[in-house]
Structure formats: structure tokens, C-alpha cells
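What follows is one structure encoded as C-alpha cells, with my remarks underneath.
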Amino acid sequence: MTRVFSGVKPTGHLTLGNYLGAMRQWAAVDQHRAESLFCIVDLHALTVDHDPARVRRLSRQAATLLLASGLDPELCTVFVQSHVDEHARLSYVLECVATDGEMRRMIQYKEKAARERARGGSVRLSLLTYPVLMAADILAYGADEVPVGDDQAQHVELTRDLAVRFNQRYGYTFTVPRATVPNVGARVMNLQEPLSKMGKSDDSGPGIVYLLDEPDVVRRKVMRAVTDSGRDVVYDREDRPGLANLLEILASCTGGNPSELSGVYESYGALKKDTAEAVVEVLRPVQERHKELCADPGYVEGVLRDGAERARAMARPTVDAAYRAIGLLPAASDTAASDTAAGDTGVVGSGVVLNAAR
Ligand code: TYM
């Protein structure tokens, strides 16, 4: 059966971008057709300046919102990254396979580091190594597919490179995953700055629709969205990014096509009004379920506890195999099992594996 892994980082309140680009697909499609794991990746939230209490609060909120968006613990595994040691264990080993140059080429690193330096802050080392931890998240579970928005595609590409490199050098250990990105909604842009992604950690509140925004707040934000000069409604990402963003949001919410929808509208006002209502309707059931779940925190905690237990059992064998393959001596209690299961790995020259350690 296909295995799917994806995650969301508790660095801010979840947004419409997170929902349309990733979460909705997880709930509507992935959990029904694949063995799926969805993770609140809290270790990743420590890569930038953070308030410990806020990270804890946002992690709980993200878990509640994942369930509110329709993830069903009977169908998939929902858990918190820091509850499963295997992520950090594998991350270090993968750091020994990744290169410094590879890390510095990551777009998100370059952007976030530049922003941090411009603010006069310092850049945490973990921001540089973050994509390796993300690779560990994915590879520990042998995921075949990683459903993400457009902005994460480069990180999944790196994950593939690391998996292939590890397998070539140390024997087949990791499934090589691929990113799956939605056709529409893969990059929802900030309503006030349509050339920037709608990001939950950004400062520009009025341009970001949060999943828990009240309907009137959503309407106000969409009605005040920056649009381009011109009066006709055309779908042109390059020259009319503000308008294109609204058409894509509307298309994603209603299951339409942005180009076809552009033909339906004669004014920006009508397009904004319909887009606002479509967003309100998409968020309504999520907000209702969120309210119910907030009244039952014990339920969410139980889901996370069971999820971590299941995730641990799934990740452990692969991470143990990676430790053996790369040359780490098994602890005494594991020796008998691994001696018979793995034997020596005969690596000849560079990357020729005679006897894979599995
Ligand atoms: P994060 O928390 O920034 O975003 C979670 C998911 O939402 C998508 N997304 C968007 N999609 C469309 N438009 C937007 N404006 C938008 N903003 C966010 C993201 O692409 C993502 O799919 N590094 C990841 C978290 C992570 C992860 C992983 C993901 C850590 N380990 C392993 C997959 C597999 C991140 O920061 O996502």
C-alpha cells in the first residue's frame, strides 16, 4: 500500500494557504487511499526565534485543526514530531550524507536567513540543517508520497537526493519519495502582497486568512485584497498577480478552473464577494468541528498519544537499519539480532555495495 507522510509546523496560526495547499487534500483524499501519517513538526518550530509557551499552544491548536479538517485517527496516524525520537536520531545520520553547499542553496533558508539578518538577529544553525530534519521525517517512515504545497517541493527534492545517495553508499535502506502538489491552490499568495506566499509566520495580518478567522474578518480581508490596475477580469499570473490569486482561491474552494472563472466576472467587486463567500463556506465546517474538539481536549491528547505509539513502531526499524548500514555498532542487547539480520556490509570503493545491510 502507498505510504504518505506530511507535516505542518507550529510557528503561527494555520492559514488558508496551509488548508488549500495541503491539509484539505490529506483529509479528502490521502487518508482514504494510502497508509498516511500527518505530523505536527514542532522541532522545526525551534529553528527561528520562538516563545516556548506559544509553540506548545500552537502545537495543540494545529493538532486540533488537523482533526477538525477531517483527519480521522481510524484512517491515519496523527502525532507530534518530538514525541517520536526517531526523527532526531535519523536527522544526524542524514547530516553525514548531506553537504553544506546543498543546505545553503535551499530557497527557504536563503529567504529566512536574509530576513533574520535584516532584523539584526542571528540565524540559528538549525535553520540551515532544517531540510535534513525534514528528510528524516519523511524517510523514517518509508513514505512514497509527500503531499505538500509548492514551497516545499525543493525540500522533497533534497530528500530524494539524500535517499538515493545513502542507498548507493550504504546499501538500500530508504524508499525514494516524491512530492504531490495540488493543481490549484499549491501557492496561495498574501492578499496584501500578491507576490509573496501567504505564510503563517509573516507579520502582515490583513493579507493572511487564518483558519479560525470569523466570517466577517474573512470577508473584510478578501474585500480589501490588493488587486491590479485595469478593470477587466483576466487570469494572468505574471501581469495580474493579485487578481490571479483571487481566481485561484475561488477555483480551489469551489472546484473550478481559474481561467474559466475569469470569464464569468465583469468586475473586481463581484469576484471578491464570491471569493469571500466561498472561503467562508470552506472554513465553516472546520471551525464548527474545531469548537467541538476544543471542548474535549482529552480526546485530542489521546489521539496524539496513540499516534506517537504507532509512528514510533513504524519508524524504529528503518532508523535502526540506517544506523547499522552507515556503520554504527549496535548496542549489546541488539547485537545478536542485527548480526544475523544484517551481517557485514561489504562496500567496495565508492558506493559499490556487495551485501546490503538489511
Ligand atoms: P508549513 O508548516 O509551512 O506548511 C504546511 C503545509 O502547507 C503548505 N503551505 C501552502 N500551500 C499553498 N499556499 C500557501 N501559501 C502555503 N503555505 C503553506 C506547505 O507547502 C506545507 O505542505 N517544512 C514544512 C513542514 C514539514 C514537512 C515535513 C512537510 C516538516 N517536515 C515532512 C512534509 C513532510 C513546512 O514548513 O510546512
Projected onto the charge dipole of the chain (unit charges on the beta-carbon of Lys, Arg, Asp and Glu, signs +1, +1, -1, -1), the Cα from A225, L128, V164 with the largest positive-side position is that of L128
Between D236 and E116, the two model label points (7 Å from Cα along the beta-carbon direction) sit apart by a distance in nm of 4.0 nm
Length gained, T2-L125, 0.36 nm per residue minus C-alpha separation, equals 40.9 nm
With +1 at each Lys and Arg Cβ and -1 at each Asp and Glu Cβ, the charge dipole magnitude of region 1-151 around its Cα centre, to the nearest 20 debye, comes out at 640 debye
Distance in Å, no decimals, from the C-alpha centre of region 256-310 to the one of region 121-185 is 27 Å
Relative contact order as a percentage, the chain, C-alpha pairs under 8 Å and 6+ apart, gives 21 percent
For 46-53, 242-249, ranked highest to lowest by mean beta-carbon neighbours within 10 Å, the order is 242-249, 46-53
Count of lysine pairs, the chain, Cα-Cα under 16 Å, sep. 8 or more residues or interchain, comes to 10
If N is the residue count of the chain, its Cα Rg over 2.2 N^0.38 Å rounds to 1.07
Summing -39500 (n - 2.57) over every DSSP H run of at least 4 in the chain, dividing by its residue total and rounding to the nearest 500, the 222 nm mean residue ellipticity is -15500 deg cm²/dmol
A 1.4 Å probe over the protein heavy atoms gives the chain a carbon and sulfur accessible-area percentage of 50 percent
With label points set 7 Å from each Cα along the Cα-to-Cβ direction at R165 and Q108, the distance between them in nm comes to 1.8 nm
With Cα coordinates, the longest principal axis of the chain makes an angle with the long axis of helix 125-139, in degrees rounded to 10, of 80 degrees
Measuring from the longest principal axis of the C-alpha atoms of the chain, the long axis of helix 332-341 (C-alpha) lies at a number of degrees, nearest 10, equal to 90 degrees
For the chain, the longest principal axis of the Cα atoms and the Cα long axis of helix 241-254 enclose an angle in degrees, to the nearest 10, of 80 degrees
Scoring region 205-294 by relative contact order with C-alpha pairs under 8 Å, at least six apart, yields a percentage of 32 percent
For the chain, the dipole about the Cα centre with charges only on Cβ (Lys and Arg +1, Asp and Glu -1), to the nearest 20 debye, works out at 600 debye
Taking a ≥ b ≥ c as the square roots of the Cα gyration tensor eigenvalues, with a/c under 1.5 meaning rounded and otherwise prolate when a/b beats b/c or oblate if not, region 198-286 comes out prolate
Among region 222-244, those whose backbone N falls under 14 Å of a label point 7 Å along Cα→Cβ from A270 are 232-234
Regression test value, accessible area per residue of the chain, probe 1.4 Å, units Å², expected 47 Å²
Counting only backbone N atoms under 20 Å from a point 7 Å out along Cα-to-Cβ of C294, the residues of region 38-53 in range are 53
Extension length gain for R220 and C96 (0.36 nm per residue less Cα distance), in nm, is 39.7 nm
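The values are calculated or read from the model by the stated rules, or taken from the named source; none is laboratory data. As the structure is a computational prediction, the values presented were derived from the model and not from experiment. Neighbour counts are summed over all protein chains in view; Cβ atoms, including those assigned to glycine, are modelled from backbone coordinates with ideal geometry. Only protein heavy atoms, including side chains, enter the accessible area calculation; ligands, DNA and RNA are left aside. Shrake-Rupley method; radii C 1.70, N 1.55, O 1.52, S 1.80 Å.
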